[in-house]
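A.B. asks: Before anything else, here's the structure in question.
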Amino acid sequence: MTLEHVSDPQAAAVLRRLHQSAEQAKSGMVSQHWPRMSAWFSGLGTSHAERPEASVQAGASLDPQQAAFLYSLVCGSKARTIVEYGTALGVATIWLALAARSNWGRVITTELDPQRALAAGANIDEAGLSDVVDIWLGDASQTLRSLDEPVDFVFSDGAPEKALEVLQLLRPVLIPGAVIVSKYTAFGSKEDRAYTDWLRHPANGFVSTTVPFQSSMEVSVFRGEPAH
């Protein structure tokens, strides 16, 4: 599935605009931050804050191929309650919401930045999907503590330093077979590696693998076994 296959013309128009804007912004920031990028690729930067893609991705989204993959996973898993960590401008949220609507489900998405949450809300509304999306404003490691319903799909693309804490917070409400997709991989920062190391530890109840897109994604399934 690609953007051309999105059957909802209202949502497709918004997604096309957002993906194009993200690509243009990314190209511009790569040029602007090339000295830092060269230093990082040479091994001089180690923290996530020093990574050039931290700046590039700050307002960007999944690329259309990754987003379509995410959509297909939600549809295929028949997920009804979907949690997104890191709304940003709402690009992935719209893809998730399209899939959730076809499953008679909903998306709970969390965003720390009020301005981003406002912009995302406007994009989601323009796409005609406000009825299936709840935006929870604030620190996800706090706001998601009130979530007490079963969760069957998680997309994690927020700040890496909080990602593991958020996943551990959600673990008690994950149903067996729940799918977790994230932008953190074993090839990334130390925060990314801590996240994937925990996911891949047998005692934590997940089966996990990296899917090699241009920017890789980690896809995991919760087996439902208790953590030791």
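A.B. asks: Tally the residues that are part of a helix (DSSP H, G or I), aliphatic (A, V, I, L, M) and more than 21 Å from GLN66 (Cα to Cα), restricting the search to segment 133-166.
C.D. replies: Qualifying residue count, segment 133-166: 4.
A.B. asks: Does VAL83 qualify as being assigned by TED's automatic domain parsing to the domain that holds ASN204, in contact (Cβ under 8 Å) with a residue 24 or more places away in the chain, in a strand (DSSP E or B) and crowded, with 19+ Cβ neighbours inside 10 Å?
C.D. replies: yes
A.B. asks: Kindly list the number of the only condition in (1) in contact with a Leu (Cβ under 6 Å, 6 or more places away or on another chain); (2) β-branched (Val, Ile, Thr); (3) over 15 Å from GLY158 (Cα atoms) that fails for VAL91.
C.D. replies: The number of the failed condition is (3).
A.B. asks: Check whether at least one residue in segment 137-160 is closer than 19 Å to LEU15 by Cα and of a type in the set (Gly, Ala, Ser), and report yes or no.
C.D. replies: No, segment 137-160 contains no residue that is closer than 19 Å to LEU15 by Cα and of a type in the set (Gly, Ala, Ser).
A.B. asks: In addition: Looking at (1) touching a Leu at 6+ places or on another chain (Cβ under 7 Å); (2) in a helix (DSSP H, G or I); (3) hydrophobic (A, V, I, L, M, F, W, C), can you tell me which one ALA203 breaks?
C.D. replies: That leaves (1) as the condition not met.
A.B. asks: Still on this structure, please answer the following. Among the residues in segment 103-120, are any at pLDDT 95 or above, under 17 Å from SER216 (Cα atoms) and among the aromatic types (Phe, Trp, Tyr)?
C.D. replies: no
A.B. asks: Now for a separate question. Please find, within segment 1-40, the residue that is nearest to GLY76 (Cα to Cα) out of those that are among the small types (Gly, Ala, Ser) and at pLDDT 65 or above.
C.D. replies: SER7
A.B. asks: Still on this structure, I have one more. If we keep just the residues of segment 72-121 that are out of contact with any Phe, Trp or Tyr (no Cβ under 9 Å at 6 or more places or on another chain) and of a type in the set (Lys, Arg), which is nearest to GLN142 (Cα to Cα)?
C.D. replies: Checking each candidate, the answer is ARG116.
The values are calculated or read from the model by the stated rules, or taken from the named source; none is laboratory data. Remember, predicted model here, so these are calculated numbers, not experimental data. Using ideal geometry, Cβ is built from the backbone for each residue, glycine included, and neighbour counts are taken over all protein chains shown.
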